[in-house]
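*Asks:* Dumping the structure here so I can ask a few things about it.
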Amino acid sequence: MLKYTVKRLVYSVLILFFVMFIIYVLMYNMPSGYVETKARELASRPGATKSYAEWLADLNAQYGMDKGVVGGYFVWLGNAVRGNWGDSWVWTIPVTQEFHNTVWYSFALGFVSFIFEILIAIPLGITAARKQYSFTDYFTTVVAMVCISMPTFFVATVLKYVFSVKLGWFDLSGMQGRDYMTLTQFGKFLDVAKHFVMPLITLTIISIGGLMRYTRTNMLEVLNADYIRTARAKGVPERKVINKHAFRNTFIPLVTMLGGTLPGLFSGALITETLFSIRGIGYASYTSMTQADIPFIMFYLAFISILTLLGNLISDLLYAAVDPRVRLS
Amino acid sequence: MNSYNLNEVLKAREAAGQKSASGDGSVKLDDISRVKVLSPGRQVFKRFIRNRLAVFGSVMLILMFMFSFLGPLFYPYGQKQIFYKYEPRNIDYGMVKENTAYTGYDIEGGAAVERTVNNKMNSIIKGMLSSGEQALFVMGEGQGYRVEKLANDVYLTSSSAFEEVCSYGSGESVIGTYSMVGKKIENAKKQVEGLEAAIQDAIKQDAKGGTFELDGVMYTYSRGKAKSYEITASIDGLQYMGEALDEGFEAALDGAIASDASGFEYGGTSYAAVKNGDSWLVYRLSELVPARVYTRLTVSTYEVGKKVSTQLNVAALLATAQGGDFEAEGQKWHIERKDAEWIVTDASGSEFMELTPYAVRRYNGDDTMEYGLKKALTEKALEMASSGDKTGSITYALPMQTETGEYMVNEDGSLNYQDTELKLSQRDTGEFVVNCQQIIYVINMFDAPSGEHLLGTDGDGFDVLARIMYGGRVSLMVGFVVVFLETFLGVIMGGLSGYYGGWVDMLIMRLVDIFYCLPSMPIMIILGAMMDALRMDTYIRLLIMMAALGIMGWAGVARLVRGQILTLREQEFMVATEATGIRVKDRIFHHLVPNIMPQLIVQATMGMGGVILTESTLSFLGLGVKHPLATWGTIINSVSSASAMQHYAFIWIPVGLLICITVIAFNFVGDGLRDAYDPKAKR
């Protein structure tokens, strides 16, 4: 187990190395003269402490632009490994600082929608599987399919249209009301929570379908297994069959999959946060991407690549942990 | 071995059986009519059409393709066709303004006016208006000018050469510099007899400076540079520069100074008195020549569009001095005052034009309004100005317009008139703006659904239905191309990896891991932003986007293909291909790949929906396909602001539903195909 974990970790680091290299090449080939423009802009910004030439030298040195693609990559990698991610060009603060400012909003959003997703999708999936080919089953299947097929921006736009424009319950976007500063600490919390409602619904709607189908498929597989038939044959009450024999076994793939998505809660919802102007890491990175803020993008992409690899690793390890039949090698 | 069709064989046997046992009506259990063997393809098809959701999906997809690819052939509008319409709108029709600025007109054959004087003429005239003077003298650099009021709002400027006559009042005037070296006065402004001797005496007494008296005039001298002294004389009373003039002149000068005038007339000659501190300098303007006439009156002809020459205008303005007859352009004219206006009639006595301080123009500055309308608007504006109302309205017959915004003409060529309400409102700057309803030609923006435009028009005047059709083409095409690309790459890489195993497998699978880990959405956004920065053509963007999506999506297909091949490789028929020595290429692509076709088709169908979603999201964010090329995402993006979302739901709701339906249909079909290919896996 330990040996396997170590092996996987080494592999992950290797993959990460190449992933970041591909991204670095992409960044390196940003339109020519970009660093010059950026340096000029930074130098002319109000409160700029460095001159144009200083910024240019600084930027070139920081990102190893003067050393070619491969050389530059190792400069960046060396800095990154030492935890020196540089200053964000858009947010004008250290990248890690901006990360710290935003990631917790994203995590809150992701975590709550994750809870809702589990609470809604798993019971529905199990019900659908229990009553295969019934109306409930078809209904659930169709709903799941519709949820999977809806573009995020359309869900968001419909929600905005219904709840903001027509009913006027929520603000169109943003995460604070206009009287935010006058509120008490608890009032502020409620205000932000109110602004999180629509993004939460959006995230839940678009993620619910996949989990529902996954649950249904796995539950059906378990229900068709021999030991369920045996349990029924020996007269175990149906509720006990479902809740104990079937659900516990359905749990194995579910835990594996959900465990794998846990790191993803930190990665932020790029599109949803952007559409609702939630100052989470997704929105911050979207802004950085459209304005070619290289330090922040490199950091963010490295971050989500690590999260993806971590997710895969966790899911594999969990698989072995919850299912004693599986032996990792 | 040739292909062996069981159905054919059974049919042949049936025919033979019927021939031998005709007449026997009983049906046996193993009768051919009871058993029908289907080919694998037909079995799949049969299972597929039994799935209601899959059939629904297929029907939707067929409709969608017909709509997107055949629709534009039959639909009369293009995706970039802009629609216009004629619409009655409340427009700024005209403007009524009381002129306050004076414009100068050159008198033919007259003198020129220096630019500095010309520039300050407006303030000079306003000064005259407030002091009530009839004439005013202005000294320029080389000429002196007399501005004379001819009539209300009309001023004539004449110019002349000048010479200094005298100075008057108490003050100081510079005499010159006395040089100790030359012992004489240099730069003398005025010759005074005995001054040199007097100053020598004074310097002997006090070398630093002081005063001395000569002929009743006090002189002050002070030490300048290089052994010289500046001499100034204290002026007191009247001092002539040249020869003295008689007492009548002095009385006139006194009178002018007492009334604080800038000049006076004496003995048929004009004198200008320029104040300098407490003293005056008096200039003689020998011969005044008329130069320019300044006025705030504008010409308004009775007949619309008549041109009035400057010559006639100037002659009329000059004639305002005494009124009555005048000649211009070889014709006789008559001018008469009426309220604030002057009315000019021609030789036959019919009214020709009017000089008025009120300028009534169309809003764009054209002088194309009728005289009667101008008059009515002026009167209303004056009434409003006196009553202090900021808004008001009059009704006047304006030329009638047809639905296409042209003027309606009778058979005899005259215009039709129609009573129109003209609304006047005063701006803070004083002028009155006239608004009225006119039919004008505008881009048909955000037109609600109608018979002409079934889904209305969007913010650029494009037909929404046409945009949706062409947008569907792009979206579906992107889906196909991307899925084809990723399947193509995936099959080759996965096939190589699965078939060869070993280090090839190792290498390709690590590559797959890397591409699996690449965050595709951020990379697409970065690519979009990059292409924005390079201002790429929208068609090239489309190609690059498709290529990027394909390259980023092949890893999943490769994994699937490899997995399938690993299991298939161990089966007997693969061993047989090896034993019969079939080439590797044929083994992979003729024997392995056809066996993984079902999974590939399912994967591709499902992938199509995903690609359409990604593409529309990117286009919605403005980072994919760009205006004016339509895709479903860009159409929604164009109405995503809060107000557009509220008012133009007829644009974005159909498009959003189309995206949903298409993606759902692809997913249903994919699901149905999977179940049909592999009924054992059906859950």
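*Asks:* Please find, within segment B:625-639, the residue that is surrounded by the fewest Cβ atoms within 10 Å (Cβ to Cβ) out of those that are more than 10 Å from chain A (Cβ to nearest Cβ) and part of a loop (DSSP other than H, G, I, E, B).
*Replies:* Within segment B:625-639, the match that is surrounded by the fewest Cβ atoms within 10 Å (Cβ to Cβ) is B:PRO628.
*Asks:* Let me ask something additional. Quick test for you: out of A:LEU203, A:LEU159, pick the one residue that is aliphatic (A, V, I, L, M), away from every other protein chain (no Cβ under 14 Å), surrounded by 19 or more Cβ atoms within 10 Å (Cβ to Cβ) and touching a residue at least 24 places away in the same chain (Cβ under 8 Å).
*Replies:* A:LEU203
Listed here are the residues, each with its yes/no results for (1) small (Gly, Ala, Ser); (2) surrounded by 21 or more Cβ atoms within 10 Å (Cβ to Cβ).
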site: B:ASP532; (1), (2): no, no
site: B:LEU549; (1), (2): no, yes
site: B:LEU560; (1), (2): no, no
site: B:PHE573; (1), (2): no, no
site: B:VAL584; (1), (2): no, no
site: B:PHE589; (1), (2): no, no
site: B:LEU592; (1), (2): no, yes
site: B:THR605; (1), (2): no, yes
site: B:GLY610; (1), (2): yes, no
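*Asks:* Further question: Output the helices (runs of 4 or more DSSP H) that fall wholly within segment A:178-289 and possess 2 or more residues being farther than 30 Å from A:LEU26 by Cβ, or say none.
*Replies:* Helices (runs of 4 or more DSSP H) meeting the threshold: A:185-223, A:226-233, A:247-261.
*Asks:* What is the residue count in segment A:94-115 for residues that are surrounded by fewer than 19 Cβ atoms within 10 Å (Cβ to Cβ) and over 19 Å from A:ILE278 (Cβ atoms)?
*Replies:* Result for segment A:94-115: 2.
*Asks:* Filter segment A:107-133 for residues that are in a helix (DSSP H, G or I) and within 14 Å of another protein chain (Cβ to nearest Cβ) and give the result.
*Replies:* Passing the criteria: A:GLY125, A:ILE126, A:ALA128, A:ALA129, A:ARG130.
*Asks:* Please report, ordered by residue number, the helices (runs of 4 or more DSSP H) entirely within segment B:513-624 with at least 3 residues that are closer than 22 Å to B:VAL474 by Cα, more than 14 Å from chain A (Cβ to nearest Cβ) and touching a residue at least 12 places away in the same chain (Cβ under 8 Å). If you could, list the steps in order and put the result at the bottom.
*Replies:* Values: elements: B:520-533, B:538-569, B:572-579, B:593-620.
Hits in segment B:513-624: B:538-569, B:593-620.
*Asks:* From the list B:LYS332, B:LYS307, which one is in a loop (DSSP other than H, G, I, E, B) and closer than 30 Å to B:LEU373 by Cβ? Please lay out each step first, then the result.
*Replies:* Working: B:LYS332 fails: in a loop (DSSP other than H, G, I, E, B).
After ruling out the rest, the residue left standing is B:LYS307.
*Asks:* Kindly indicate whether B:MET506 is assigned by TED's automatic domain parsing to the domain that holds B:GLU578, part of a helix (DSSP H, G or I) and in contact (Cβ under 8 Å) with a residue 40 or more places away in the chain.
*Replies:* Here the answer is no, as B:MET506 does not meet what is asked.
*Asks:* Out of all the residues in segment B:179-206, which are modelled with pLDDT under 75 and among the small types (Gly, Ala, Ser)?
*Replies:* The answer is B:GLY182, B:ALA188, B:GLY194.
*Asks:* Scan segment A:14-29 and report the pairs whose first residue is more than 9 Å from chain B (Cβ to nearest Cβ) and whose second residue is in a helix (DSSP H, G or I) and surrounded by fewer than 21 Cβ atoms within 10 Å (Cβ to Cβ), with Cβ atoms within less than 7 Å and a gap of 6+ or a chain change.
*Replies:* A:MET20/A:ALA302; A:VAL25/A:VAL69; A:TYR28/A:VAL69; A:TYR28/A:GLY72
*Asks:* Separate question: Return the residues of segment B:389-438 that are of a type in the set (Gly, Ala, Ser) and either outside the structural domain of B:ASN364 (by TED's automatic domain parsing) or modelled with pLDDT of 80 or more (or both); say none if nothing qualifies. Can you show your working first?
*Replies:* Filtering segment B:389-438 for residues of a type in the set (Gly, Ala, Ser) gives B:392-393, B:397, B:405, B:413-414, B:425, B:430.
B:GLY392, B:SER393, B:SER425, listed by residue number.
*Asks:* Check whether at least one residue in segment B:640-651 is buried (at least 20 other Cβ atoms within 10 Å of the Cβ), outside any helix (DSSP H, G or I) and touching a residue at least 40 places away in the same chain (Cβ under 8 Å), and report yes or no.
*Replies:* Checked against the condition, which is being buried (at least 20 other Cβ atoms within 10 Å of the Cβ), outside any helix (DSSP H, G or I) and touching a residue at least 40 places away in the same chain (Cβ under 8 Å), segment B:640-651 yields at least one hit.
*Asks:* Quick check: is even one residue across segment A:256-274 touching a strand residue (DSSP E or B) at 6+ places or on another chain (Cβ under 9 Å), over 30 Å from A:ALA320 (Cβ atoms) and away from every other protein chain (no Cβ under 12 Å)?
*Replies:* No, segment A:256-274 contains no residue that is touching a strand residue (DSSP E or B) at 6+ places or on another chain (Cβ under 9 Å), over 30 Å from A:ALA320 (Cβ atoms) and away from every other protein chain (no Cβ under 12 Å).
*Asks:* Pick out the one residue from B:VAL293, B:VAL274 that is surrounded by 23 or more Cβ atoms within 10 Å (Cβ to Cβ) and either touching a strand residue (DSSP E or B) at 6+ places or on another chain (Cβ under 9 Å) or not in a strand (DSSP E or B) (or both).
*Replies:* Step by step, each of B:VAL293, B:VAL274 is checked, and only B:VAL293 is surrounded by 23 or more Cβ atoms within 10 Å (Cβ to Cβ) and either touching a strand residue (DSSP E or B) at 6+ places or on another chain (Cβ under 9 Å) or not in a strand (DSSP E or B) (or both).
*Asks:* I want to confirm something. Restricting to segment A:169-188 and keeping residues that are within 11 Å of chain B (Cβ to nearest Cβ) and of a type outside the set (S, T, N, Q), which single residue is nearest to B:ALA649 (Cα to Cα)?
*Replies:* Only one residue tops the list, namely A:LEU172.
*Asks:* Another question, if that's okay. Could you tell me whether A:ILE278 is aliphatic (A, V, I, L, M), away from chain B (no Cβ under 14 Å) and crowded, with 19+ Cβ neighbours inside 10 Å?
*Replies:* Taking the combined requirement at face value, the residue satisfies it.
*Asks:* Within segment B:491-502, identify whether any single residue is at pLDDT 90 or above, surrounded by fewer than 20 Cβ atoms within 10 Å (Cβ to Cβ) and more than 14 Å from chain A (Cβ to nearest Cβ), and answer yes or no.
*Replies:* Among the residues of segment B:491-502, not one is at pLDDT 90 or above, surrounded by fewer than 20 Cβ atoms within 10 Å (Cβ to Cβ) and more than 14 Å from chain A (Cβ to nearest Cβ), which makes the answer no.
*Asks:* I'm trying to understand the selection: among the residues of segment A:134-151, which are buried (at least 21 other Cβ atoms within 10 Å of the Cβ), facing chain B (nearest Cβ under 7 Å) and assigned to a helix (DSSP H, G or I)?
*Replies:* The answer is A:MET145, A:ILE148, A:SER149.
*Asks:* Is it the case that segment B:539-556 has a residue that's in contact with a Lys or Arg (Cβ under 9 Å, 6 or more places away or on another chain) and among the small types (Gly, Ala, Ser)?
*Replies:* The answer is no; no qualifying residue exists.
The values are calculated or read from the model by the stated rules, or taken from the named source; none is laboratory data. Because the structure is predicted, anything quoted here is derived from the model rather than measured. Don't worry about glycine lacking a Cβ; one is built from the backbone with ideal geometry, like all the others, and counts go over all protein chains shown.
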